[in-house]
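To keep things clear, I will list the structure first and then write my remarks on it.
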Amino acid sequence: MTTAVGKPQQGDAHGNAAVAARARQVVKAYGTGETRVVALDHVDVDIVRGEFTAIMGPSGSGKSTLMHCLAGLDTVTSGEIHLADTEITGLKDKRLTRLRRDRVGFIFQSFNLLPTLNALENITLPMDIAGRRPDAAWLRRVVETVGLGDRLKHRPTELSGGQQQRVAVARALAAQPEIIFGDEPTGNLDSRSGAEVLDFLRLSVDELGQTIVMVTHDPVAASYADRVLYLADGRIVDEMRRPTAERVLDRMKAFDGRGRTS
Ligand SMILES: Nc1ncnc2c1ncn2[C@@H]1O[C@H](COP(=O)(O)OP(=O)(O)OP(=O)(O)O)[C@@H](O)[C@H]1O
């Protein structure tokens, strides 16, 4: 398949991997005094451009909080978050909203498609609202990659859960965001539909050069990633490259309930 759409640059002239998002000494605390909860405890992380990163860890370890802070959906208590070269910590609401709209894509557990629009209309909706014209070659490529063929004219209720979530991923991809965040994107799907979506996410990284960060509890879902980050008690305690479901499961078993090695 030929296309005019190239992969984004993987690094600079010195071979350093380009960083899509960066957290430095990020602390996120909720509440005060005795009810204070430290959800993120001095987290440092680089999300590499063109990679698929999974975030894992026990319930309450800070996965969603980290994702929300990296995506500019939540403020930090201290520390810095950068999206490429832009420091987003400290941006005023209006600029942050615009930055999220123009540079970040989201995929949620519940697909959030509009029932009255067909699949293709759902894919282009955010760009229509933003008054942006989708790059035609890119949109064609995304639509080819989503692999829904003649179902693009179907409404969400006429699609399976896996197909609906693929539409939601295509919608996130259409605007060519620098980074896509997914919060348990396969959490509501059976294993076959989940595999469809994960295959598509993997393909969008390999073929379209997309950067993806996904929170998941599922070792099989994590095995589609290039890199798995493990959180425990608000800290990154481990990471794994080229994961397999078996290795991820073994690593999870080696941790006790709070994520520490037993
Ligand atoms: N709005 C909030 N107010 C108070 N505490 C919060 C708030 N949001 C999260 N927390 C706390 O911060 C910690 C981290 O929560 P977070 O949702 O990030 O964990 P998680 O790893 O995503 O959990 P899960 O896997 O259960 O979704 C938890 O102790 C949680 O109770």
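Just a few scattered comments:
- Amide hydrogen proximity for G57: with H placed 1.01 Å from N in the peptide plane, the residues at 5 or more positions away or on another chain lying under 5 Å are L231.
- Taking amide H as placed 1.01 Å from N in the peptide plane, R235 has its amide H under 5 Å from the amide H of D41, each at least 5 places away in sequence or on another chain.
- Anchor K92: aspartates and glutamates whose Cα lies under 19 Å away (excluding residues fewer than 8 positions away in-chain): D74, E80, D102
- Convex hull of Cα atoms in the range 32-106, direction-averaged projection (nm²): 6.1
- Evaluating 6.51 cos²θ - 1.76 cosθ + 1.60 at θ = phi - 60° for every residue in the range 127-134, the Karplus couplings come out as 6, 4, 5, 6, x, 9, 8, x Hz, glycine and proline recorded as x.
- The H on the amide N of V48, modeled in the peptide plane, is under 5 Å from the matching H of A20, each at least 5 residues off or on a different chain.
- Rounded D (µm²/s) - the range 95-180, Kirkwood Rh over Cα pairs, Stokes-Einstein at 37 °C, 0.692 mPa s: 254
- Taking every alpha-carbon pair under 8 Å whose residues sit at least 6 apart, the chain reaches a relative contact order of 26 percent.
- When the Gaussian network model of the chain links Cα atoms closer than 10 Å, the mean-square fluctuations of G57, G105, G79 top out at G79.
- For the range 79-85, putting each phi into the Karplus relation 6.51 cos²θ - 1.76 cosθ + 1.60 with θ = phi - 60° gives couplings of x, 10, 10, 10, 10, 6, 8 Hz, in residue order, rounded to whole numbers and with x for Gly and Pro.
- Per-bin percent of Cα-Cα distances, the chain [10 Å]: 7, 30, 36, 22, 6, 0
- Per-residue 3J(HN,Hα) values for the range 146-154, derived from phi via the Karplus relation 6.51 cos²θ - 1.76 cosθ + 1.60 with θ = phi - 60°, read 5, x, 9, x, 6, 7, 4, 8, 7 Hz in sequence order (x marks Gly and Pro).
- 222 nm mean residue ellipticity, helices alone, for the chain (DSSP H n ≥ 4; -39,500 (n - 2.57); rounded to 500): -10000 deg cm²/dmol
Just so you know, all these numbers are worked out from the coordinates, no wet-lab data involved. A quick note: this is a predicted structure, and the numbers were derived from the prediction, not measured.
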